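The values are calculated or read from the model by the stated rules, or taken from the named source; none is laboratory data. Values in this document were obtained by computation on a predicted structure and should not be read as measured data. Here Cβ is always computed from backbone atoms with ideal geometry, including for glycine, and neighbour counts include all displayed protein chains. With ligands, DNA and RNA removed, areas are computed over all heavy atoms of the protein, side chains included. Shrake-Rupley method; radii C 1.70, N 1.55, O 1.52, S 1.80 Å.
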Amino acid sequence: MSVLTVASQIAAPWVHLYADSEVVSTAVTFVHLGGLLLGGGCAIAADRMTLRKAPTDPVAWREHLDELHAIHRPVLLGLGVTLLSGILLLAADLKTFLPAPLFWVKMAVITVLLGNGAVLQRTETSLRRGIGDPEKAIRRLRQAAQMSLGLWFGSTLLGTVLLSV
């Protein structure tokens, strides 16, 4: 018996509930999109602010770093909600999603997004604490913000395409 078969059998009650209840399927989809809006929206706004800051204005950067520090919590909350609801969406149609290469590409993009977020957080923390070369750290922070923008939009595009295949 394959892993997919076993997983499908375990998920069968959820599949039926999800398929038979528009309220449940709509709620899960809303929670997924709401988490994406919270996490991605906050991250994109922070990325935009990072890219707009003049690299040579230390006062503006100190204020911005405090804001970046505060934004991590809602981004992680949004990602957590999106992850949990994404698992429910996956479980509702394992046989479609698990074998789909596009699903795994999306998971890879999300993994890179999480890694990039860790770089952003580590860089922001070291800058706030005055550790390392600030010019290099600001450059790294700006590069990570650019990458973050692409990854958020890329994962959203892949998710949209995945639903239509």
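Towards the positive end of the charge dipole of the stretch 100-165, with charges on Cβ (+1 Lys, Arg; -1 Asp, Glu), say which of 104, 160, 144 has the farthest Cα.
Final value for the positive-end residue is 144.
Given a 1.4 Å probe and every protein chain left where it sits, what share in percent of the accessible area of the stretch 12-106 is carbon and sulfur? Could the numbers behind the result be given before it?
Details: 4070 of 5730 Å².
Within the stretch 12-106, the accessible surface is 71 percent carbon and sulfur.
Mind listing which chymotrypsin sites (Phe, Trp or Tyr not before Pro) in the stretch 89-160 are in a DSSP loop and have 10 or fewer other Cβ atoms within 10 Å?
Working: sites: 97, 103, 104, 152, 153; in loops: none.
Sparse-neighbourhood loop chymotrypsin sites (Phe, Trp or Tyr not before Pro): none present.
Give, rounded to the nearest 20 debye, the magnitude of the charge dipole that the chain has about its Cα centre when Lys and Arg contribute +1 at Cβ and Asp and Glu contribute -1 at Cβ.
Details: 14 positive and 11 negative charges, 112 e Å.
I would put it at about 540 debye.
I want to verify the translational diffusion coefficient of the chain in µm²/s; compute it with Stokes-Einstein, Rh as the Kirkwood radius over Cα pairs, at 20 °C and 1.002 mPa s.
Values: Rh = 17.5 Å.
In µm²/s, the coefficient is 123.
Which whole-Hz couplings ³J(HN,Hα) result when phi for each residue of the stretch 98-112 is put into the Karplus expression 6.51 cos²θ - 1.76 cosθ + 1.60, θ = phi - 60°, listed in order with x for Gly and Pro?
Each residue of the stretch 98-112 in turn: 4, x, 7, x, 4, 4, 6, 5, 4, 5, 5, 4, 5, 5, 5 Hz.
With runs of 4+ DSSP H residues as the only contributors, calculate the mean residue ellipticity of the chain at 222 nm using -39,500 (n - 2.57) per run, divided by the residue total and rounded to the nearest 500. Write down the numbers at each step before the final one.
Values: 6 runs with 147 residues, N = 165.
Helix contribution divided over all residues of the chain: -31500 deg cm²/dmol.
Report ³J(HN,Hα) in whole Hz for each residue of the stretch 20-35, in order, from the Karplus equation J = 6.51 cos²θ - 1.76 cosθ + 1.60 where θ = phi - 60°; Gly and Pro get x.
8, 10, 5, 5, 5, 5, 5, 4, 5, 5, 4, 4, 4, 5, x, x
Which value, in debye to the nearest 20, gives the size of the charge dipole of the stretch 1-69 about its Cα centre, when Lys and Arg are +1 and Asp and Glu are -1 at the Cβ? Write out the running numbers ahead of the final one.
Values: 4 positive and 7 negative charges, 36 e Å.
The dipole of the stretch 1-69 has a size of about 180 debye.
Find how many whole Å separate the alpha carbon centroid of the stretch 90-136 from the alpha carbon centroid of the stretch 14-40.
Rounded to whole Å, the Cα centres lie 23 Å apart.
Which whole-Hz couplings ³J(HN,Hα) result when phi for each residue of the stretch 125-133 is put into the Karplus expression 6.51 cos²θ - 1.76 cosθ + 1.60, θ = phi - 60°, listed in order with x for Gly and Pro?
Per residue, the Karplus-derived 3J(HN,Hα) values read 5, 5, 5, 4, 8, x, 9, x, 7 Hz.
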